Amino acid sequence: MSSNLEDLYREVILDHYRSPRNRGELPVPPAHRSEGFNPLCGDEVTVFLDVDPDTAIVRDIKIQGQGCSISQASTSMMSAAVKGQTVDEARRLIRAFKALMSIHETRLEGEGDGSDLAADLEGVRLGDLEALQGVVKFPVRIKCATLSWNTLQQGLDEIAAAGE
């Protein structure tokens with residue numbers, strides 16, 4: 001990756017860290033609250049989801065939490081990416097983002113080229129989220145980047161199980 005691209009990605013991450021999107025909370029209910037915690041570093045995230053039961057659209061999403069710049073920037077980017085999307089689209093974004101992290105991790109560990117994960121990325125535009133692909137150079141930070149995505153997935157699964 002060129003240094004200009006790395007600089008741009010660093011700026012995107014810092015922008016989301018300094019000015020997080022969708023910060024706050026939603027009343028529970030009707031919103032659903034899910035919490036994620038990374039015991040390795042202490043990162044915490046709370047995701048408030050308001051999913052329209054008729055259209056399955058993420059009407060609103062709010063985030064709270066604390067942690068390193070990577071976890072907080074990823075949380076902000078995640079909230080911006082899924083707001084207004086259907087639950088199915090949000091799940092595709094989750095799979096695509098986690099595949100992006102895993103493909104690079106797989107390549108770093110010499111376990112293949114990641115082509116088995118490429119299908120999850122096909123046709124999905126990640127936009128600003130691509131700025132986080134540099135995180136994979138530091139495998140311990142991948143959990144920081146994926147914490148909010150795992151928390152979102154947990155929330156969507158809990159909503160589906162409850163029939164909300």
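Just to be sure, is Asn22 touching an Asp or Glu at 6+ places or on another chain (Cβ under 9 Å), polar (S, T, N, Q) and within 12 Å of Leu147 (Cα to Cα)?
Criteria not met by Asn22.
More than 14 Å from Thr146 (Cα to Cα) and touching a strand residue (DSSP E or B) at 6+ places or on another chain (Cβ under 6 Å): is that true of Ser71 in this structure?
So Ser71 does not fit the description; no.
Looking at Ile103, Ile63, which is the one that is at pLDDT 95 or above and either buried (at least 18 other Cβ atoms within 10 Å of the Cβ) or assigned to a helix (DSSP H, G or I) (or both)?
Ile63
Return the total of residues in region 1-34 being among the β-branched types (Val, Ile, Thr) and touching a Leu at 6+ places or on another chain (Cβ under 8 Å).
Total satisfying the criteria: 1.
Under the condition of being in a loop (DSSP other than H, G, I, E, B), charged (D, E, K, R) and touching a strand residue (DSSP E or B) at 6+ places or on another chain (Cβ under 7 Å), which residue from region 3-57 is nearest to Ala73 (Cα to Cα)?
The extreme case among them is Glu25.
Return the residue satisfying two criteria in turn: it lies in region 118-146 and is among the hydrophobic types (A, V, I, L, M, F, W, C), over 14 Å from Ala99 (Cα atoms) and not in a loop (DSSP other than H, G, I, E, B), and of such residues it is modelled with the lowest pLDDT.
In this case the residue turns out to be Ala131.
The values are calculated or read from the model by the stated rules, or taken from the named source; none is laboratory data. All of these numbers come straight from a predicted model, not from anything done at the bench. Every residue, glycine as well, gets a Cβ built from its backbone with ideal geometry; the counts of neighbours run over all protein chains shown.
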